[in-house]
Amino acid sequence: MNKQIIVTALLSLTIGAGISYIVPMMGAQQPQQGAAQKADSNKERKPLYYRHPMNPANTSPVPAKDGMGMDYIPVYATGAGKGSGPAGVVKIDPVVSQSIGVRTARAVKKKLTHNIRTVGLIDYDEKRVTRLHPKVEGWVEELYVDTTGEHVKKNMMLLAIYSPELVSTEEEYLLALKNLESLKNSVHPDIREGAQNLLRSSLERLQLFDVPDHQIREIERGQTIVRNMHIQSPFDGIVVKIGVREGQYVTPATELYKIADLSTIWIYVDIYEDEMPWVSTGDMAEMRVTGIPGKTFRGKVTYIYPYLDSKTRTNKIRLEFKNPDRALKPDMFANVTLLTSKQLDAVAIPSEAIIRTGRRDQVFIVTGPGRFEPREVTLGVTTNGEVQIVDGVKAGEEVVTSAQFLIDSESKLNEATAKMMEPKGAMEKQDDPDMKGMDMQGMDIKGMDKKNMQIEGKK
């Protein structure tokens, strides 16, 4: 029993001596190692600034606390500094990039074309519309065409007018004919020439009154006056309007008929300002009309109006289409596709990659794994979801097409921080007399005026 007690006591003394030797050694080594690691860490990672734990927009160049006593969070330089690129560069872990939905696309050099789809209104060809007025005063004796919409042929008689003035001119013409007949064998050349001149002037007056050739020949053959003058259609067309009825007194101011030739029609379309660079005179166009299903009409751009509509901010364009079967009717609506001929060799990127701030346009360029650089660009034309880059991006460069607004927010914060950390600003803060003698540790800088800061400094 005594031996067992003695052995136990010896073992206890041995273990205690070993522990008393090891613990001081470990305690001596651990502070040295921790201090070395802390020094290395501080040397490698120096905070750029400190930000509010709840509001990242509030920052401080020195450690601080918010109103609730929470420490500001240090923000370290991750790739910032010399050789890291312009201010605003953002670095995001690839895993985080995937989780927030960052997508990219490459800028491609290609030929850009653009077909414009719009709605048009069919109208008359203004060059093929005639309004008939009489050249003399008189009364409508007969109305041969008395229904609007009726199809008329060229030289078809429309109506007959009785005019005392016209009858007087016909009498003069008959007298001139008889005078020439009696004097054509005169021995005096002057007399024969005078008779011929009188006949010529009488005939010209009848022609100026638009007396048809067949009525003039009738006067010559019958040597009698034709009571009514016939007014004929100048071309094939449709009677759009009839302005008189039988027995009505008419003057040169009276519109007798309005006749339109529908073998060719015009289409008016409106395009927006950003589509104007694509369209030029002579471009082909396709048209479809609801009232004529399954048929496509083909025409061309004949005129681009030199002004914009002040209300709709659109440019009017006129197109011309053949209409041999008269199937297209004025005031019909049509779906029109302008097949623009212009092609541009350009560097193009998706339109959704552009961030439009109002003062400038910018994109984010992928310069490395998880590294995004903001770049200002000059834009050209837009077509089919793509936009031309005039300056700022080269073919082959990769741009961000989604989640760029999240990246832009971080970029703006980094850019603002970089400006705040400029040496000039730091020197100004150090030279501020109100900042001298102040213990900045634990102070909430945001929202604190100089007067309160001076009081805290004195305390």
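Side notes on the structure shown:
- Candidates in region 64-81 are the residues that are modelled with pLDDT of 65 or more, aliphatic (A, V, I, L, M) and open to solvent by 50 Å² or more (accessible area, probe 1.4 Å); of these, the one that is nearest to GLY368 (Cα to Cα) is ILE73.
- Test result for ALA160, within 16 Å of GLU255 (Cα to Cα) and among the hydrophobic types (A, V, I, L, M, F, W, C): yes
- Residues within region 357-367 that are assigned to a strand (DSSP E or B) and either among the basic types (Lys, Arg) or open to solvent by 20 Å² or more (accessible area, probe 1.4 Å) (or both), tallied: 3
- Counting only helices (runs of 4 or more DSSP H) that fall entirely inside region 132-235 and contain at least 2 residues that are within 58 Å of the chain's Cα centre (by Cα), the qualifying elements are 189-208.
- Among the residues making up region 114-129, a single one is exposed (fewer than 15 other Cβ atoms within 10 Å of the Cβ) and of a type in the set (S, T, N, Q): ASN115.
- All conditions in (1) in contact with a helix residue (DSSP H, G or I) (Cβ under 9 Å, 6 or more places away or on another chain); (2) closer than 20 Å to ILE304 by Cα; (3) not aromatic (Phe, Trp, Tyr) hold for ILE355, with the sole exception of (2).
- The residue pairs whose first member lies in region 209-227 and is on the phi > 0 side of the Ramachandran plot, whose second member is open to solvent by 70 Å² or more (accessible area, probe 1.4 Å), and whose beta carbons are closer than 7 Å, counting only pairs six or more residues apart or on different chains, are ASP210/LYS135.
- Identity of the residue in region 82-96, open to solvent by less than 60 Å² (accessible area, probe 1.4 Å) and at pLDDT 80 or above, that ends up nearest to GLU373 (Cα to Cα): VAL89
- Options THR254, THR281; residue that is open to solvent by 10 Å² or more (accessible area, probe 1.4 Å), within 30 Å of TRP139 (Cα to Cα) and part of a loop (DSSP other than H, G, I, E, B): THR254
- When region 242-251 is filtered for residues that are part of a strand (DSSP E or B) and either polar (S, T, N, Q) or surrounded by 14 or more Cβ atoms within 10 Å (Cβ to Cβ) (or both), the ones remaining, listed by number, are ILE242, VAL250.
- Failed item in (1) open to solvent by 30 Å² or more (accessible area, probe 1.4 Å); (2) in contact with a Gly (Cβ under 9 Å, 6 or more places away or on another chain), with ILE100 passing the rest: (2)
- Residue check for ALA327: crowded, with 19+ Cβ neighbours inside 10 Å and among the small types (Gly, Ala, Ser): no
- Note on region 287-318: residues that are surrounded by fewer than 14 Cβ atoms within 10 Å (Cβ to Cβ), touching a residue at least 40 places away in the same chain (Cβ under 8 Å) and basic (Lys, Arg) total 1.
The values are calculated or read from the model by the stated rules, or taken from the named source; none is laboratory data. All values derive from a computational prediction rather than experimental measurement. We place every Cβ from the backbone using ideal geometry, glycine too, and count neighbours over all the protein chains shown. The area values use the complete protein model at the heavy-atom level, side chains included, leaving out ligands, DNA and RNA. Shrake-Rupley method; radii C 1.70, N 1.55, O 1.52, S 1.80 Å.
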